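Just below is one structure, and these are the notes that go with it.
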Amino acid sequence: MPTKAMQWLQRGTKPVRKMKVYGIIFGWWAFNIAFATKYVYVFEFAGAMCYLLWVTIGTRVRRIENLRKAGMEQIDAMEGTEFEDRMMVYFRDIGWVVTGTKRSGDYGADLVLKDPSGKRYVVQCKRYSDKVSLAAVQEAVAAVRFYKADAAMVITNNYLTENALQLAKANDVIVWQRDELAHHLANIQRKRWFLRLPRRMPTT
């Protein structure tokens with residue numbers, strides 16, 4: 001299952017920031033009211049809880065923003081699960097619905113995506129220091145039927161072996177190797193300066 005921090009991604013950062021502001025306001029109000037009533041300890045406790053909520057939410061928001069800004073250099077230093085979270089942020093940013101899968105026993109898919117047209121994709125995310133073997137492609141192909149998807153993707157910060165590329169081509173698996181991944185991440189960073197985001201699957 002997705003981590004609790006990643007569940008916040010399903011809602012985006014705007015609601016999180018709103019709750020953060022509400023927590024600050026309520027905390028300030030609680031501490032001030034405490035001195036004017038006999039329920040001092042109750043309000044102090046409520047204020048402390050709001051402060052802890054503010055700190056927790058703030059930490060999650062900062063983590064999401066750091067993932068959003070991460071380029072290839074940062075991705076190369078990530079753990080595999082962090083790379084999955086980075087791609088989750090990317091696809092959310094281009095307007096797709098993203099669902100994480102189990103960290104283990106995921107039946108061949110790290111992410112399940114749905115584009116605005118309703119088409120579903122299963123994704124294998126591979127943060128490797130070596131080339132990706134055909135096993136990753138095989139897992140992605142197998143996951144299509146299990147998750148009732150329309151297509152499969154393999155995304156890596158490295159490159160696929162020749163055998164893996166041939167298998168991907170034979171099964172119509174969309175492949176983002178290092179160069180394609182860097183291109184898409186840079187592209188979304190540029191487009192973030194505008195109010196337009198891509199809605200179709202980039203394949204080149």
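The values are calculated or read from the model by the stated rules, or taken from the named source; none is laboratory data. Predicted model only: the values in this text are computed from it and were never measured. Cβ atoms come from the backbone with ideal geometry, glycine included; neighbour counts cover every protein chain shown.
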Does the stretch 165-179 contain at least one residue that is out of contact with any Cys (no Cβ under 6 Å at 6 or more places or on another chain), at pLDDT below 95 and charged (D, E, K, R)?
-> yes
All positions within the stretch 160-190 that are farther than 21 Å from E84 by Cα and exposed (fewer than 13 other Cβ atoms within 10 Å of the Cβ) = E162, N163, K169, A170, D172, R190
